[in-house]
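The values are calculated or read from the model by the stated rules, or taken from the named source; none is laboratory data. Keep in mind that this is a model prediction, so the values were computed, not measured. Here the Cβ is made from the backbone with ideal geometry for all residues, glycine too, and neighbour counts use every protein chain on show. Please note that ligands, DNA and RNA were not included when accessible areas were found on the heavy atoms of the full protein model with its side chains. Shrake-Rupley method; radii C 1.70, N 1.55, O 1.52, S 1.80 Å.
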Amino acid sequence: MIARKYYLLLLLVFITMAVCYCIYYKFYKPYNYPIDLVYMWVDGNDPKWLEKKNYWQNKLNASNPYAVSKARWHDRDELKYSLRSVALYLPWVRNIFIVTDNQVPAWLNTNHPKIKIIDHKDIFPQDALPVFNSMAIESRVPYIPGLSEHFILSNDDLFVNAPLSADFFFTKKGLPITYTTEFSYQQLQEYRQKYSNEMWFKLWMLPTKLFEEKFNMPAFYIIGNHNMSGILKSTFLQTLDMFPEFKNTMYSKFRTENDVSLQLLSMVDYVNGKTKLYDNNLVPPKFNCSPAGVLIHGKPSILERSTPCLFCLNETQITTDKINEEQIKYLRQRFPNKSEFEK
């Protein structure tokens, strides 16, 4: 009788431990895989780089304002402030890869163990260089030596605005999370009528066209926001192999309407059941910030009225000097302290 009670007690303890482990694994277990962060950066004020860029721009007669605006390469030290935001709010990232064209920010502490400088020649075939197109550079990111399977891709004008854990970017199963803004069919038709001749609209619609042709199914009309995005390297490589147009984007020295954007990744992930789509305004309450991200073309005063998890201070060909000054002034006030990534 005593032995039976003993065994029942052991069984109860075992069941309790199993339940506790399941709860821990589902809700509290820390991520056991590395997550890297990748930036693309250029100093468009560097005379040597500028001479090279102007030579190829004239040689190829690249003239579309959307593709060759100085704003595409203008360095406002955004990377410094973006890294300050990362040091504050994403201290758990493993490596920080900075992809450049034979350039290094003067203020960057390259001796920091997390910082890894990746030159274009490290990830591009020789016959594709030089390149001045961020979409082409994006297409080569999965070839970064030592890049982890799970990584976050960012531009230097993106900033973290609140403490974010890894499960803002990846689910507990390690699948990337895409924060989106849904577009209705009616909205799409309105955009077609208004912007059909604009390069940015053609670039936006090209992944949809390729997706529908490949999978023989309607694409879902969503916009991936200007956020830092969680990405699986394996899916990235699979998508490049699946779509020659995507792989060939690396040969586009300046942006053209035939370049394929990373929007295609989310579509392929969705078909493969490897992504989670979150509405940009439905951030899980645990993060204490919402929306997931905002894109700011003008004055950053909108940030005083909301608490986005991420924000983008976007510079375009119509950004005025006054707006530039206001945005940089805001960054200096928002992230005033030097980070560990600075000299």
Legend entry - Subset tally (residues that are in contact with an Asp or Glu (Cβ under 7 Å, 6 or more places away or on another chain) and either over 17 Å from Val38 (Cα atoms) or among the hydrophobic types (A, V, I, L, M, F, W, C) (or both)) for segment 160-181: 1
Legend entry - Which listed residue is touching an Asp or Glu at 6+ places or on another chain (Cβ under 9 Å) and in a helix (DSSP H, G or I), from Arg84, Arg76, Arg94: Arg84
Legend entry - helices (runs of 4 or more DSSP H) wholly inside segment 229-283 that include at least 3 residues being out of contact with any Gly (no Cβ under 6 Å at 6 or more places or on another chain), open to solvent by less than 10 Å² (accessible area, probe 1.4 Å) and aliphatic (A, V, I, L, M): 263-271
Inset, instruction - Considering (1) touching a residue at least 40 places away in the same chain (Cβ under 8 Å); (2) open to solvent by 30 Å² or more (accessible area, probe 1.4 Å); (3) outside any loop (DSSP other than H, G, I, E, B); (4) farther than 15 Å from Asn161 by Cβ, say which one Glu326 fails and leave the rest. - result: (1)
Legend entry - Total residues in segment 32-59, condition among the charged types (D, E, K, R), assigned to a helix (DSSP H, G or I) and either in contact with a Ser or Thr (Cβ under 7 Å, 6 or more places away or on another chain) or open to solvent by 20 Å² or more (accessible area, probe 1.4 Å) (or both): 4
Legend entry - Residues (surrounded by fewer than 14 Cβ atoms within 10 Å (Cβ to Cβ) and assigned to a loop (DSSP other than H, G, I, E, B)) located in segment 108-128: Thr110, Asn111, Pro113, Pro125
Inset, instruction - Give me a count of the residues in segment 284-303 that are at pLDDT 85 or above and assigned to a loop (DSSP other than H, G, I, E, B). - result: 5
Inset, instruction - Restricting attention to segment 129-144, report how many residues are hydroxyl-bearing (Ser, Thr, Tyr) and open to solvent by 10 Å² or more (accessible area, probe 1.4 Å). - result: 2
